[in-house]
Number of protein chains: 2
Amino acid sequence: MRKAIAKHLKDFRNIDVTPEQIIVGAGTEYLYGLLIQLLGFEKKYAVENPGYSKISLIYKKHNVSCDFISMDKSGVQIDELENKAVDVIHISPSHHFPTGCIMPISRRYELLGWASKSDSRYIIEDDYDSEFRLIGQPIPAMQNIDVLEKVIYINTFTKTLASTVRISYMVLPKHLLHKFYSELSFYSCTVSNFEQYTLARFIDDGYFEKHISRMRNYYHTKRDTLLDIIKNSPLAPYVTIREENSGLHFLMKLNTTLSDSDFCIAAEKKGIKISALSSFYVNPPESA
Amino acid sequence: MRKAIAKHLKDFRNIDVTPEQIIVGAGTEYLYGLLIQLLGFEKKYAVENPGYSKISLIYKKHNVSCDFISMDKSGVQIDELENKAVDVIHISPSHHFPTGCIMPISRRYELLGWASKSDSRYIIEDDYDSEFRLIGQPIPAMQNIDVLEKVIYINTFTKTLASTVRISYMVLPKHLLHKFYSELSFYSCTVSNFEQYTLARFIDDGYFEKHISRMRNYYHTKRDTLLDIIKNSPLAPYVTIREENSGLHFLMKLNTTLSDSDFCIAAEKKGIKISALSSFYVNPPESA
C-alpha cells in the first residue's frame, strides 16, 4: 500500500518520496499522537486561528503545550510564531479550514525560513482535502519546496473515500524517518492488512483516480446548483460568496443585523445547517 | 460490533457489561494511549517484572512515569505497589506473560483492596490470551469481582483471529465511561466500519466461538507433540516443564552450565527459536 501511495503522490501531487518515508495509521488523529511521540512532548505546538478545533484538542489531550496563531490573508503570521516561541506549527496551506485560504508561495518560503532557524522547528502540512480543488491545478504541496527536511506531510483517505475508512498517512523527512524506525517502529500498524491490500489494488488499478475525478465533478455540480439557487433567491443582494473554488465548502458573507449564532439558529429552524466563521476562532476578532 | 462483543463476554467470560462500556480501538497499543489520556498523564503507571516489554515502552513513549513491580508466585507484590506509590497497575492475571502464572483469587482480592484505598488507583486487566487456556475452565476475570469500578478490562482479536486484524477493546467502569464520553469521544473510532460489521457477524453467527475452539484444539495438539518430542529426546533428563496448561507458550527449566544467551544462540543455530526468561526482566534476578 505504501508503494501505491508513493506512486499516487508522485502522479497527483508531484511529491517524490520512497515507500519507507510513508507511515500509515488509522486516521490522522492517531498520526498526530504518533508525531508528538516522535517530535517530543516538551515541544511547543501551535495551530491556526481560526481552525479545525479538534486538532488543538488532540494536542491538549496529549498533555503538550498548544498555542493558537492568528491568520492574515496569507496564512499564519510569522512574527506571532516567533513571539510565542513555537516549535511545531500545524497548518493546511493548500486549503485552510474554514476560511478556504490558499497560502501564497511567499508565505510558504517565509515559513520555511522560520523553520530553518532552529533544529527543533517543524511544519506539519495537513493536506486533508487538496484532491477536491474544483478549479485549476492542485496547489503544490509545501513538501515539494522543502529541501531542509522541515515539512511533515499528512493526508487521509477518510475525506476522499469515506469517513468510515480509517486509513491515513504521513510522509516523514529522511532524518526523522531514522528516528521513527529506531524509537517507534515497535508499534504495530493500526490499519489491518486486509484493508491495506484492498486500498493498494484500488489505487494501483486506477480506481482511486477515477473516483476522485468523479467526486470532484459531483461536488462541482452540487456547488454550482447551490450557488445558482442563492444567486436567484431574494437573499442575493445581501450575500457575497468567497473562496468557492478550493474544496468542499465556501464562505458566504451576509449583510445582516442578526448575530452569528442567531442567524445560524434561524437557518437551522428552516432546515439549513450552516456554521459561522466566528465559531472557529479561539478569540473571535470583532470583524469576523 | 460492541453488542456482539458484550454478548460474547457474557457467554464466554461471564462478564456482564453494556455495549456502551466497550471502547473499540485499532489494537491494544492504541488503547493504552487512550487510557493514559483518560486516566491522566500525571499518574504513576506500573507493569509486571518480568513482563511484556512493549507495554512499559508504550507508557514511556507517552511521557508518563512507568515503574516495574516484582512478581512472586502469585503475581505483582502489593507492598511494592505501595512503596513505589503506583496509581495504575497493568497486569495479566489470567495468564501472565512470560511466566504463565495465574493470579490466585487471594492476590486478586488483595489487589482490589489496594486499589480501593485511593480514588486515583486503577487496575488494567490485560486478558490477551485467556481464550487459549488448554485445560480446564477459563480463569474468571478480575472484572467479575470488581464492585468498586477499579478494573479496566482489555482484550484483543489480534491473538484469536490474526495479528493483521487490528481490533481490540476495553471495558470501562461506569464512572470512567462518563469521563470518556465527555472528554475523549471527539476521537473517531480507529477501526473501519467495514471490519466492525464483518466481525459483528462473525461473532453473532457463532463462527468466532467455533474458531476459538478449533484453534484451542490445534494448539493443544501442537503442544502435546512438542512435549512428547522433548520427553523422548536425549534432552529429557535435563528438562522440567512448567505452566504448560495455560496458553500459547510454556516454561522449560534446563539443567545446563551454559548462560541464557549462549544457550539461545546455540539453539538458534540449530533452527530452534526460544527466549530466555531472564530477557523479560528489567533487572534479572540471579536465579532467573
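The values are calculated or read from the model by the stated rules, or taken from the named source; none is laboratory data. From a predicted model like this one, the values you see are computed outputs, not experimental measurements. Glycine also receives a Cβ, built like all others from the backbone with ideal geometry; neighbour counts cover every protein chain displayed. The protein model used for the area step is the full one, side chains on, heavy atoms only, and it has no ligands, DNA or RNA in it. Shrake-Rupley method; radii C 1.70, N 1.55, O 1.52, S 1.80 Å.
Summary table below
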read-out	value
Delta accessible area of at least 20 Å² on complex formation, residues of the range A:19-40, 1.4 Å probe, chain isolated as reference	A:ALA26, A:GLU29, A:TYR30, A:GLN37
Using alpha-carbon coordinates, inclination of helix A:174-183 to the longest axis of chain A, degrees	70
7 Å along Cα→Cβ, label-point gaps from B:SER65 to other copies, nm, shortest first	2.2
Whole-angstrom gap from the range A:263-281 to the range A:216-238, using each part's C-alpha centre	17
Antiparallel content of DSSP bridges confined to the protein assembly as shown, in %, to 5	45
Burial of 10 Å² or greater, the range B:188-205 residues [accessible area, probe 1.4 Å, versus chain by itself]	B:SER188, B:CYS189, B:THR190, B:SER192, B:ASN193, B:PHE194, B:GLU195
Solvent-accessible area buried by A and B, counting both chains, probe 1.4 angstrom, square angstrom	2500
Heavy-atom accessible area, 1.4 Å probe, ligands and nucleic acids excluded: residues of the range B:130-164 down by at least 50 Å² from chain alone	B:THR164
Out-of-range pairs (alpha-carbon distance over 30 Å; input B:LYS7/B:LYS73; B:LYS159/B:LYS270; A:LYS159/A:LYS231; A:LYS174/B:LYS54; A:LYS159/B:LYS150; B:LYS61/B:LYS222)	B:LYS7/B:LYS73; A:LYS159/B:LYS150; B:LYS61/B:LYS222
15 Å beta-carbon shell around A:ALA115, net charge (K/R +1, D/E -1)	-1
Sorted peptide list for B:28-39, A:74-85, A:146-157, criterion being average Cβ within 10 angstrom, highest first	B:28-39, A:146-157, A:74-85
Choice from B:TYR218, B:TYR59, B:TYR169 showing the highest fluctuation, given a GNM over chain B with Cα pairs closer than 10 Å	B:TYR218
Rounded percent of accessible protein surface that carbon and sulfur make up, the protein assembly as shown, 1.4 Å probe	53
Cβ-vector label at 7 Å, A:ASP262, separations to other copies in nm	8.8
Accessible solvent surface per residue of the range B:123-212, calculated while the other protein chains remain in place, 1.4 angstrom probe, Å²	42
DSSP bridge pairs, chain B: antiparallel proportion in percent, nearest 5	45
Closest approach to the axis - chain B beta-carbon, rotation onto A, Å	B:ALA26, 2
Length-normalised contact order for chain B - Cα pairs under 8 Å, 6+ apart - percent	21
Magnitude of the charge dipole, the range A:2-207, Cβ model with Lys/Arg +1 and Asp/Glu -1, debye to 20	200
Copy-to-copy label separations for A:LEU134, where each label sits 7 Å from Cα toward Cβ, in nm and ascending	6.5
Rg/Rg_ref, the protein assembly as shown, where Rg_ref = 2.2 N^0.38 Å and atoms are Cα	1.11
Those GluC sites (Glu not before Pro) in the range B:197-288 that DSSP places in a loop and that have at most 12 other beta carbons within 10 Å	B:GLU286
Residue-averaged [θ]222 nm for chain B, counting only DSSP H segments that reach four residues, each worth -39500 (n - 2.57)	-11500 deg cm²/dmol
The range A:149-177 and the range A:13-60: distance between their alpha carbon centers, rounded to Å	8
Alpha carbon Rg of the range B:210-280, scaled by the compact-globule rule 2.2 N^0.38 Å	1.23
Computed over the range B:1-106, Cα set: Rg, Dmax in Å	15.1, 41
Quotient of C-alpha Rg and 2.2 N^0.38 Å, computed over the range A:2-207	0.97
Average accessible area per residue (Å²) across the range A:58-116 - probe 1.4 Å, nucleic acids and ligands excluded	36
